[in-house]
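Before any comments, here is the structure.
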Amino acid sequence: MSSNLFLPNHDFLAHTLATDKCSFEVIEQGGMRVCFRATGVLEFSPNHSVEHALVLSAGVHGNETAPIEIINNLVTAILAGHIQLQCALLVILGHPQAMRQEQRYLETNLNRLFVEFRRRSTFEPSVELTRANLLCSLVDDFLMRHGQAEKLHLDLHTAIRGSRKERFAIFPYVENRTYLQQDIQLLLAMGIEATLLMHKAGSTFSSYSGLQHGARSYTLELGRVRPFGQNDLTAYQNVYDALAAWLCEPGCLVKPDRKMEFYSVRSEVIHTGEHFKLMVAADQENFSEYLPGELVWRDLQQEYRVRERPELIVFPNPHVEVGHRAALLVQKNN
């Protein structure tokens, strides 16, 4: 099946990197239907009824290659019959144009554009906005067609910086939504050590599926950014194994022998302009601690110092666009 889908390329990733052209023919094999929905987007539909629908995405930032390679290997295994799919599955490689250049993005951060359509229509045109519009439309269609199913979205990433928690999850804010223990078991099986609980609605891909469709959704940070071909995928074997097991038997995983750490986001640091200064070293890691009284950021008009309890910094990036998030400040839950 894979050769028919990806010719003249040998697999999903090679096809996505090689061309923007794809056949929309539906192929049936092994009790499921498979077709391209767009470049870098494959849908798998078992011929029998299913109770679960999964959106599995990576490559929203084009230089975050390890999750892309993991998803490619999962697609290969599904098509070879090694994974007997028991859910509806939409696989997304988020930003093929940036992937080809191994750049985070080309014009603007794609993972800040996933909001409802009326807001998106006010954004400046860009390569990323065109892709965001397409991906939102495809996710809308997929999840609405599976409206009665349990809906899950896992958006896989790797981080620019090192981290004192190498793998961690972000649980987007949706009013009155709580995580399920079965999801936490899946994350633990993937080697996730900590989960950040967001404090307000966001504009990330995982936030979109949660806000617009009520999906249980998570952004997963799985390690460091590296070029294609330089990832040690043996270090990610537990990620692959946990996802493969879930695809074969959704929701059923062996209970891990450790507990998840939870952190609450206390505030976002927003880049305020040319005089903005974030107090981070070039090699400073995610989850680095700032003690009470320490300066976190300043500009000409204001500054922020930690108050009564220590705060940890996550995703510090002083080079984001003005108005975008430059860091999160979090505290561990008791």
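A short reminder: the numbers here are calculations on the coordinates, not readings from a lab. Quick caveat, the model's predicted, so the values are computed rather than measured. We place every Cβ from the backbone using ideal geometry, glycine too, and count neighbours over all the protein chains shown.
Just name one of Leu138, Gly293, Ser206: the one whose Cα is farthest towards the positive end of the charge dipole of the chain (beta-carbon charges, Lys/Arg +1, Asp/Glu -1).
Of the candidates, Gly293 comes out farthest on the positive side.
Regarding segment 98-186, what whole-number volume in Å³ per residue does the convex hull of its Cα atoms give? Walk me through the intermediate numbers first.
Values: hull volume 14.0 nm³, N = 89.
Taking the convex hull of the Cα positions in segment 98-186, it is 157 Å³ per residue.
Only counting other Cβ atoms within 10 Å, I'd like Cys252, Cys22 sorted with the fewest neighbours first. Working shown, then result.
Numbers: Cys252 12, Cys22 18.
In increasing order of surrounding Cβ atoms, one gets Cys252, Cys22.
Might you report the magnitude of the Cβ-based charge dipole of the chain about its Cα centre, with Lys and Arg at +1 and Asp and Glu at -1, to the nearest 20 debye?
Result for the chain is approximately 500 debye, rounded to the nearest 20.
If the cut-off is a Cα-Cα distance under 18 Å, which lysines reach Lys332, setting aside same-chain residues fewer than 8 apart in sequence?
Here the lysines satisfying the reach criterion relative to Lys332 are Lys165, Lys200, Lys259.
Sorted from largest down, what three extents in whole angstroms do the Cα atoms of the chain have along their principal axes?
Between the extreme Cα coordinates on each principal axis of the chain lie 62, 46, 39 Å.
Taking Cα atoms, how many degrees apart are the long axis of helix 65-79 and the longest axis of the chain, rounded to 10 and kept between 0 and 90?
20
I'd like the distance between the alpha-carbon centres of segment 130-206 and segment 297-333, rounded to an integer number of Å.
Distance between centres, Cα-based: 22 Å.
So which GluC sites (Glu not before Pro) in segment 219-313 are both in a DSSP loop and have at most 16 other Cβ atoms within 10 Å of their Cβ?
On the way: sites: Glu221, Glu261, Glu268, Glu274, Glu285, Glu289, Glu294, Glu303, Glu308, Glu311; in loops: Glu274, Glu285, Glu294, Glu308.
Hits after loop and neighbour filter: Glu274, Glu294, Glu308.
Could you let me know the centre-to-centre spacing of segment 7-49 and segment 235-271, using Cα atoms, in angstrom?
What the calculation gives is 27 Å, centre to centre.
For Leu93, Leu138, Leu211, which order do you get if you count the other beta carbons within 10 Å of each Cβ and list the fewest first?
On the way: Leu93 26, Leu138 17, Leu211 21.
Listed from fewest to most nearby Cβ atoms, that is Leu138, Leu211, Leu93.
Which ³J(HN,Hα) values, rounded to whole Hz and listed in residue order, are derived for segment 230-242 from phi using the Karplus coefficients 6.51, -1.76 and 1.60 in 6.51 cos²θ - 1.76 cosθ + 1.60 with θ = phi - 60°, glycine and proline given as x?
Karplus values, whole Hz, x for Gly and Pro: 10, 8, 7, 5, 5, 6, 9, 4, 5, 5, 4, 4, 5.
Rounded to the nearest 10 degrees, what's the angle between the helix 127-145 long axis and the longest principal axis of the chain, both from Cα atoms, 0 to 90?
Relative to the chain, helix 127-145 is tipped by roughly 60 degrees.
In Å, what is the Rg of the alpha-carbon atoms in segment 266-332, and how long is Dmax?
Radius of gyration, then largest Cα-Cα span, for segment 266-332: 11.0, 32 Å.
With a 10 Å Cβ neighbour count serving as the proxy for reagent exposure, in which order, fewest first, do Lys259, Lys165, Lys151 appear?
Numbers: Lys259 8, Lys165 19, Lys151 22.
Ordered by Cβ neighbours within 10 Å, fewest first: Lys259, Lys165, Lys151.
Which residue, Ser49, Ile68, His95, has the largest displacement toward the positive end of the dipole of segment 28-100 when charges sit on each Cβ (Lys, Arg +1; Asp, Glu -1)?
His95
Normalise the Debye intensity by I(0) for segment 39-145, one equal point scatterer per Cα, no solvent, then take log10 at q = 0.22 Å⁻¹ and round to two decimals.
Log-scaled intensity ratios, in q order: -1.18.
Rounded to the nearest whole Å³, what is the per residue volume of the convex hull around the Cα atoms of segment 177-334?
Numbers: hull volume 24.5 nm³, N = 158.
So the per-residue Cα hull volume is 155 Å³.
For Cα pairs less than 8 Å apart in space and 6+ apart in sequence, what is the mean separation divided by the residue count of the chain, i.e. the relative contact order in percent?
Once divided by the residue count of the chain, the mean separation gives 16 percent.
Could you work out the helix-only [θ] at 222 nm for the chain, with each DSSP H run of four or more residues adding -39,500 (n - 2.57) and the total divided by the number of residues, to the nearest 500 deg cm²/dmol? It would help to have the intermediate numbers written out before the result.
Details: 9 runs with 86 residues, N = 334.
Estimated from H runs of four or more residues: -7500 deg cm²/dmol.
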